[in-house]
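Here's the structure we're looking at; comments come further down.
The values are calculated or read from the model by the stated rules, or taken from the named source; none is laboratory data. Computed from a prediction, not measured in an experiment: that's the story for all the values here. Please note: Cβ atoms are built from the backbone with ideal geometry, for glycine as well, and neighbour counts cover all protein chains shown. Just so you know, the surface numbers come from the protein's heavy atoms only, side chains and all, with ligands and any DNA or RNA stripped out. Shrake-Rupley method; radii C 1.70, N 1.55, O 1.52, S 1.80 Å.
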Amino acid sequence: MNTQDSSGQMVSAAVLDGISDAVLLLDKDRVVLAANRAARELLGDQIEGRDLALSLRHPEALEVAKSAILDGVESTAEIVLQVPVQRIFAVRAVPLPVEGKSSLRILIALEEVTAARNAEQIRADFVANVSHELRSPLTSLVGFIETLRGPARDDEAAQDRFLDIMADESQRMARLIDDLLSLSRVEANEHVRPNDKLDIREILTAVLDSVSVQAEEKKVTMEFDGSVAVPPVSGDRDELVEVFQNLVVNAIKYGRENTPVRLTLSSVDRIPEVGGRGICVTVADQGEGIEAENIPRLTERFYRIDKGRSRSMGGTGLGLAIVKHIVNRHRGRLVVKSEVGKGSQFSVYLPVTEPAEA
Ligand code: ADP
């Protein structure tokens with residue numbers, strides 16, 4: 001595209017094509033005189049020489065162009081294009097300074113803002129979710145306090161029962177706040193890769209010790225297959241303890257009574273998708289398993305397949321979100337495989353320290 005417009009200005013194709021926003025030049029009849037590469041990719045190769053309405057069938061975008069043409073002032077709007085996937089664009093129409101109405105030129109720029117709008121939505125949803133998660137135990141506490149002051153004032157048996165429930169609800173709030181703090185700490189440091197040299201076997205042994213009471217209560221036997229020698233991993237010990245504690249506790253919670261939870265440690269030549277040498281720890285349970293469509297959503301904050309069940313087992317719905325962020329910070333990978341009725345496997349790949357460091 002090397003267009004000479006009527007005012008004699010050369011529009012440099014190379015410069016415009018280098019811009020990631022879609023940029024178009026229109027005349028007073030809304031005909032596209034020039035379009036950069038991003039515009040052609042977005043609206044089609046046939047865009048030039050035709051009315052913009054033929055390639056951009058969006059009333060608001062056309063309205064923006066019309067206002068700029070008729071009123072001679074800059075006009076903006078935000079539009080959503082649904083096909084082939086939903087994308088959001090900020091559209092700006094700017095009249096270019098020229099003499100005479102017939103040589104009027106309008107510059108249209110479409111800047112994609114999908115990622116920013118999605119991030120805003122996620123933030124808003126997160127605040128709504130946190131408020132909701134805190135509100136329900138709080139409402140229950142307020143209710144029991146009222147009952148203890150009123151109807152149950154002289155009923156000792158009821159008082160004991162209510163105080164037990166109140167203790168559970170307060171612990172739920174405390175767990176939620178701990179998990180939120182943990183998540184925000186990991187997120188804040190996610191760009192800094194931790195590089196302490198760690199013995200993964202020692203970490204897994206410590207995790208297994210810490211969950212032994214919980215496993216016994218659920219009549220789950222813990223099996224650890226870690227006989228192969230593996231190199232040290234580079235990471236943050238506390239964070240990795242948190243990762244494996246979350247995965248093992250989930251396996252105990254969502255596994256079946258009287259079945260084993262198995263931990264396997266191995267070394268791999270290449271971490272899937274990330275690359276580089278690493279180790280792999282798999283936590284496998286023989287629970288009900290997870291349907292394929294739920295797997296990609298497990299690491300979303302507050303995503304639970306069965307909300308009531310998760311809550312009754314003391315879950316916050318944040319555990320796997322924390323796991324994902326910690327694994328990302330370690331430049332590792334979390335891979336989930338599951339078969340309904342048979343059980344699930346959560347594999348964590350972590351990079352090993354380079355031979356020079358090791
Ligand atoms: P929660 O606190 O609810 O356990 P997580 O973030 O740890 O939160 O897990 C999110 C959801 O993923 C759980 O509510 C559960 O539905 C599902 N899930 C996690 N681990 C397993 C597992 N081992 N087997 C089956 N479902 C699981």
In segment 49-61, how many are hydrophobic (A, V, I, L, M, F, W, C), surrounded by 19 or more Cβ atoms within 10 Å (Cβ to Cβ) and assigned to a helix (DSSP H, G or I)? 2
I'd like the residue in segment 269-278 that is without any contact (Cβ under 8 Å) to a residue 60 or more places away in the chain and over 22 Å from the mean Cα position of the chain (by Cα) and, out of all such residues, is nearest to the ligand (Cβ to nearest atom). 270
Any residue that is more than 13 Å from the chain's Cα centre (by Cα) and among the β-branched types (Val, Ile, Thr) - is there at least one of those in segment 296-304? no
Does residue 319 satisfy being crowded, with 22+ Cβ neighbours inside 10 Å, in contact (Cβ under 8 Å) with a residue 24 or more places away in the chain and within 8 Å of the ligand (Cβ to nearest atom)? yes
Go through (1) part of a helix (DSSP H, G or I); (2) open to solvent by 60 Å² or more (accessible area, probe 1.4 Å); (3) touching a residue at least 40 places away in the same chain (Cβ under 8 Å); (4) under 23 Å from residue 254 (Cα atoms) and name the single condition residue 187 misses. (4)
Which condition number in (1) outside the structural domain of residue 245 (by TED's automatic domain parsing); (2) loosely packed, with under 13 Cβ neighbours inside 10 Å is the one that residue 179 fails? (2)
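Given the residues 216, 202, 169, which is the only one that is acidic (Asp, Glu) and over 29 Å from residue 260 (Cβ atoms)?
From the options 216, 202, 169, the qualifying one is 169.
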Six or more apart or on different chains, Cβ under 7 Å: which pairs go from a residue in segment 201-219 that's more than 15 Å from residue 253 (Cα to Cα) to one that's not in a helix (DSSP H, G or I)? Could you list them? 201/226; 201/265; 204/224; 204/226; 204/263; 204/265; 204/281
Only residues in segment 279-306 that are farther than 11 Å from residue 254 by Cβ count as the first member; pair them with residues that are of a type outside the set (S, T, N, Q) and open to solvent by 80 Å² or more (accessible area, probe 1.4 Å), Cβ under 6 angstrom, at least 6 apart or cross-chain, and list the lot. 284/262; 291/340; 294/305; 303/297
Scan (1) open to solvent by 30 Å² or more (accessible area, probe 1.4 Å); (2) near the ligand (Cβ under 8 Å from one of its atoms); (3) over 23 Å from residue 205 (Cβ atoms); (4) touching a residue at least 24 places away in the same chain (Cβ under 8 Å) for the single condition residue 246 breaks and write down its number. (3)
Out of curiosity, is residue 70 surrounded by fewer than 18 Cβ atoms within 10 Å (Cβ to Cβ), under 16 Å from residue 31 (Cβ atoms) and not basic (Lys, Arg)? yes
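Look through segment 256-268, keep the residues that are open to solvent by 10 Å² or more (accessible area, probe 1.4 Å) and touching a strand residue (DSSP E or B) at 6+ places or on another chain (Cβ under 6 Å), and return whichever of them is farthest from the ligand (Cβ to nearest atom).
Restricting to residues being open to solvent by 10 Å² or more (accessible area, probe 1.4 Å) and touching a strand residue (DSSP E or B) at 6+ places or on another chain (Cβ under 6 Å), the top hit is 267.
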Condition first: more than 16 Å from the ligand (Cβ to nearest atom) and either in contact with a His (Cβ under 8 Å, 6 or more places away or on another chain) or open to solvent by less than 30 Å² (accessible area, probe 1.4 Å) (or both). Now tell me which residues in segment 209-239 satisfy that. 226, 233, 234, 235, 236
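Okay, residues lined up against (1) more than 21 Å from the chain's Cα centre (by Cα); (2) away from the ligand (no atom under 12 Å from the Cβ):
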| residue | (1), (2) |
| --- | --- |
| 250 | no, no |
| 280 | yes, yes |
| 284 | yes, no |
| 292 | no, yes |
Take segment 126-147 and flag every residue that is aliphatic (A, V, I, L, M) and open to solvent by less than 40 Å² (accessible area, probe 1.4 Å). 130, 141
Looking at this structure, is residue 312 within 15 Å of the ligand (Cβ to nearest atom), open to solvent by 50 Å² or more (accessible area, probe 1.4 Å) and free of Cβ contacts under 8 Å to residues at least 24 places away in the same chain? yes
Answer residue from segment 322-352, given it is part of a strand (DSSP E or B) and polar (S, T, N, Q) and is nearest to the ligand (Cβ to nearest atom) among those: 344
Among residues of segment 11-62, those that are at pLDDT 90 or above, farther than 21 Å from residue 74 by Cα and among the hydrophobic types (A, V, I, L, M, F, W, C), counted: 5
